[in-house]
Amino acid sequence: MNFTFGSPYLLLLLLLLPCFLWCKQYTNPYYFPKLSWVTRQSPLLSWEPWLKMALFTLMVFALANPFVYDASPNQHKKGRDLILALDASGSMAQSGFDKEDRLKTKYETTLLLSKDFIEKRFDDNMGAVIFGTFAYTASPLTYDLQSLSSLLEMTNVGLAGESTALGDAIMQSIRTLSYGEAQNKAIILLTDGYHNAGETAPKDAVHKAKTLGIKIYTIGIGKKTDYDAALLETIAKESGGISYGASSAKDLDKIYKKIDILEPSPIRSENYLNQKLLTLYPLGLVFILLLLWVLSTKRDEK
């Protein structure tokens, strides 16, 4: 981690610090008949100007926006453009997929494990497509994986219709990937049904993906009789991907871990910094010092 200031030019205000010691303050004149009654004290020996200087310094630091950040820039990361295509058709409302929590629906379990997968893909530019009777992009490609997870939380079963349009799901994923610049692109397609809707045949969508060099990793959710295992196998094989079957939440978790070790590729991205602002720390010290100053003043008045 490295430390810096967001507005370092404001640190020039610290050049005013000597004024707290030597700049003359306007005061009302007082007259004494004898000079011996007046004590001369150097400002260096008084605690008050030093306290004011400390408060001023801390407030300048806060204004300069201090923060720490990750030293490794993102343009040297390895990753890929990756789309999660999640089936949200009516059959995904069935429960029992998670043996430890049988009340959860297939979609809820899939969503939970998908979010866990997203959190671990630090270097990837990811997006999400939700499909049922039709397909739509729930999130464009983004490096802000936390926002991607939040957007997925807003989706639900039946949001895209009750049927299953696998061809449209692949085509919509391809369109979303077209905005990415990574050398390697991939689609993870999760479904628990048979292709029975949409405007695009899976065969045509796979041909398009193959032409563009996009791999498709298919995951069948539930029993093998619940989904078209042969079609998912063909989709993955034709595009250069791998087909998996997950009969339970544990199986899906294992599959995601296997996909997590996909060979990374260089990506070009803006230099985003993992910043942690420190502004509250100097402001907190200012509050404490002011409080001590007020208490000390009240005590002296007594």
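Overview of values
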read-out: Odd one out for LEU262, checked against (1) out of contact with any Phe, Trp or Tyr (no Cβ under 8 Å at 6 or more places or on another chain); (2) buried (at least 19 other Cβ atoms within 10 Å of the Cβ); (3) modelled with pLDDT of 95 or more; value: (3)
read-out: Residue in the range 207-250 that is farthest from GLU181 (Cα to Cα), counting only those that are in contact with a Ser or Thr (Cβ under 6 Å, 6 or more places away or on another chain), hydrophobic (A, V, I, L, M, F, W, C) and part of a helix (DSSP H, G or I); value: ALA249
read-out: Any hit, the range 172-189, residues being in contact with a Pro (Cβ under 7 Å, 6 or more places away or on another chain), buried (at least 17 other Cβ atoms within 10 Å of the Cβ) and touching a residue at least 12 places away in the same chain (Cβ under 8 Å); value: yes
read-out: Every residue from the range 265-302 that is at pLDDT below 70 and out of contact with any Asp or Glu (no Cβ under 6 Å at 6 or more places or on another chain); value: SER265, PRO266, ILE267, SER269, GLU270, ASN271, TYR272, LEU273, GLN275, ASP300, GLU301, LYS302
read-out: Residue match in the range 244-253 (condition: more than 18 Å from PHE117 (Cβ to Cβ) and buried (at least 21 other Cβ atoms within 10 Å of the Cβ)); value: no
read-out: Only one of THR164, THR200 that is assigned by TED's automatic domain parsing to the domain that holds ALA88 and surrounded by fewer than 24 Cβ atoms within 10 Å (Cβ to Cβ); value: THR200
read-out: Some residue of the range 75-86 being of a type outside the set (A, V, I, L, M), closer than 30 Å to ASP228 by Cα and modelled with pLDDT of 80 or more; value: yes
read-out: Qualifying residues in the range 186-201 (those that are at negative phi and small (Gly, Ala, Ser)) - the one nearest to the chain's Cα centre (by Cα); value: ALA186
read-out: Any pair with Cβ under 9 angstrom, 6 or more apart, that starts in the range 239-261 at a residue that is without any contact (Cβ under 8 Å) to a residue 60 or more places away in the chain and ends at one that is acidic (Asp, Glu); value: SER243/GLU233; TYR244/ASP251; GLY245/ASP251; ALA246/ASP253
read-out: Filter result (under 21 Å from ASP260 (Cβ atoms), of a type outside the set (Asp, Glu) and in contact (Cβ under 8 Å) with a residue 60 or more places away in the chain) within the range 115-151; value: PHE117, LYS120, ARG121, ASN125, LEU141, TYR143
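The values are calculated or read from the model by the stated rules, or taken from the named source; none is laboratory data. Values in this document were obtained by computation on a predicted structure and should not be read as measured data. Using ideal geometry, Cβ is built from the backbone for each residue, glycine included, and neighbour counts are taken over all protein chains shown.
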